[in-house]
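K.L.:
Starting off with a structure, shown below.
The values are calculated or read from the model by the stated rules, or taken from the named source; none is laboratory data. Everything numeric here is computed off the predicted structure, so don't read it as measured data. Quick reminder, even Gly has a Cβ in these numbers, built from the backbone with ideal geometry, and neighbours come from all protein chains shown.
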Amino acid sequence: MQYDDYISSVQVRSGRPHDEAETLVHATLRVLAQRLTAGEADDLRAQLPGELHADLIPPEPEAQPFQPDEFARRVARMARVPEAQAREGMVAVLATTRDAVEPGEFDDVLSQLGGEFAQLVARSG
């Protein structure tokens, strides 16, 4: 998937204007990098557009354990948007990522994120 297609997919799923969708993409992927192990972030980064690679560099090798509510709070702070908007964007980005990478790769991501995240993405279609 190309960068513009990725952003457009998030835009449609989130219902946000293009520039807001783009901001949510970068913020969500940066927070996702905090939540994944360095090895998993590397694997995911390899399958996403080059423009997104810098967002998926974890700040530390170990994954930080936090649930969807904290994930949305971090995205909201980083993107400077309300938490509800950040949550919608987070789900849109995860669903778009699911569609952009090999199924086994997204399963690996979900295995690190946990069941609550899997439920959010499953509901997003």
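K.L.:
Answer yes or no as to whether ALA63 is out of contact with any strand residue (DSSP E or B) (no Cβ under 9 Å at 6 or more places or on another chain), surrounded by 12 or more Cβ atoms within 10 Å (Cβ to Cβ) and farther than 22 Å from SER9 by Cβ. First the steps, then the outcome.
P.N.:
Details: out of contact with any strand residue (DSSP E or B) (no Cβ under 9 Å at 6 or more places or on another chain): yes; surrounded by 12 or more Cβ atoms within 10 Å (Cβ to Cβ): yes; farther than 22 Å from SER9 by Cβ: yes.
Yes; evaluated as a whole, the condition is true for this residue.
K.L.:
Of (1) farther than 12 Å from ARG35 by Cβ; (2) at pLDDT 90 or above; (3) more than 11 Å from the chain's Cα centre (by Cα), GLU70 satisfies all except one. Which?
P.N.:
(1)
K.L.:
Let me ask something additional. Which of the numbered conditions does ARG16 fail, given that it passes all the others? Conditions: (1) in contact with an Asp or Glu (Cβ under 8 Å, 6 or more places away or on another chain); (2) part of a helix (DSSP H, G or I); (3) of a type outside the set (Gly, Ala, Ser).
P.N.:
Exception for ARG16: condition (2).
K.L.:
Go through region 18-31 and report how many residues are surrounded by 23 or more Cβ atoms within 10 Å (Cβ to Cβ) and farther than 19 Å from ALA84 by Cβ. Let's see the steps before the verdict.
P.N.:
Applying the first criterion (surrounded by 23 or more Cβ atoms within 10 Å (Cβ to Cβ)) to region 18-31 yields 21, 24-25, 27-29, 31.
Among the residues that remain, those that are also farther than 19 Å from ALA84 by Cβ are: 29.
Residues flagged as surrounded by 23 or more Cβ atoms within 10 Å (Cβ to Cβ) and farther than 19 Å from ALA84 by Cβ within region 18-31 amount to 1.
K.L.:
Tell me which residues, restricted to region 43-75, are part of a helix (DSSP H, G or I) and without any contact (Cβ under 8 Å) to a residue 12 or more places away in the chain. Please lay out each step first, then the result.
P.N.:
So in region 43-75, the residues part of a helix (DSSP H, G or I) come out as 43-45, 50-56, 68-75.
Once the filter is applied, which keeps residues that are part of a helix (DSSP H, G or I) and without any contact (Cβ under 8 Å) to a residue 12 or more places away in the chain, region 43-75 yields HIS53, ALA54, ASP69, GLU70.
K.L.:
Based on this model, can you work out whether ARG123 counts as surrounded by 15 or more Cβ atoms within 10 Å (Cβ to Cβ) and either touching an Asp or Glu at 6+ places or on another chain (Cβ under 8 Å) or modelled with pLDDT under 95 (or both)?
P.N.:
Details: surrounded by 15 or more Cβ atoms within 10 Å (Cβ to Cβ): no; either touching an Asp or Glu at 6+ places or on another chain (Cβ under 8 Å) or modelled with pLDDT under 95 (or both): yes.
So ARG123 does not fit the description; no.
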